[in-house]
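So the structure is just underneath, and the comments pick up after that.
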Amino acid sequence: MAKRNPVLLFLGILIPLLGLSFFLHTTFLQHKGLSKYGNLIVLSYGVNFVLAAAIYIGLHSFRNRIKNQIGFLFMAGSFLKFIVFFILFYPSYKADGTMATSEFAAFFVPYAICLIVETVFTAKMLLKMN
């Protein structure tokens, strides 16, 4: 059996999962009479995907050189995502003084999906290193 590239496997799971989530998320919004593509939802899914992919690819690429710091770098990646949230999304979401549930979900749903997939793949990577 050929050895699978973990980065391609990661992307092969993350892309369809985010695509399905985006479809269900926007369908739900439309069904509820809310703006299907409002609250920066497209940007949110895109940014979360790019950050998750970059973080995992970076960790995977440097796993042998920095194996003792991978956990800290993973946490730094999560911190980076929060910084991006507060720079790109928070000002728009709080412009009216409150953050609606749909605004919160527009960022948190793709963030949570990416975080779960990243965590599972990083944990597998760490187990293989030991």
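Can you tell me which residue within region 48-82, out of those that are among the basic types (Lys, Arg) and free of Cβ contacts under 8 Å to residues at least 40 places away in the same chain, is surrounded by the fewest Cβ atoms within 10 Å (Cβ to Cβ)?
The initial filter retains those residues of region 48-82 that are among the basic types (Lys, Arg), namely 63, 65, 67, 81.
Retained after the next criterion (residues that are free of Cβ contacts under 8 Å to residues at least 40 places away in the same chain): 65, 81.
Values: 65: 8, 81: 20.
Among those that are among the basic types (Lys, Arg) and free of Cβ contacts under 8 Å to residues at least 40 places away in the same chain, it is 65.
Considering region 13-44, the residues that are polar (S, T, N, Q) and modelled with pLDDT under 95 include one that is surrounded by the fewest Cβ atoms within 10 Å (Cβ to Cβ), namely 35. Highlighted here are the helices (runs of 4 or more DSSP H) found entirely within region 45-130 that include at least 2 residues which are farther than 30 Å from residue 28 by Cα and at pLDDT below 95: 70-84, 101-129. Residues that are within 30 Å of residue 129 (Cβ to Cβ) and open to solvent by 40 Å² or more (accessible area, probe 1.4 Å): does region 89-110 have at least one? Among the residues of region 89-110, not one is within 30 Å of residue 129 (Cβ to Cβ) and open to solvent by 40 Å² or more (accessible area, probe 1.4 Å), which makes the answer no.
The values are calculated or read from the model by the stated rules, or taken from the named source; none is laboratory data. Here the structure is a predicted model, which is why all the values come from computation and not from measurement. We place every Cβ from the backbone using ideal geometry, glycine too, and count neighbours over all the protein chains shown. With ligands, DNA and RNA removed, areas are computed over all heavy atoms of the protein, side chains included. Shrake-Rupley method; radii C 1.70, N 1.55, O 1.52, S 1.80 Å.
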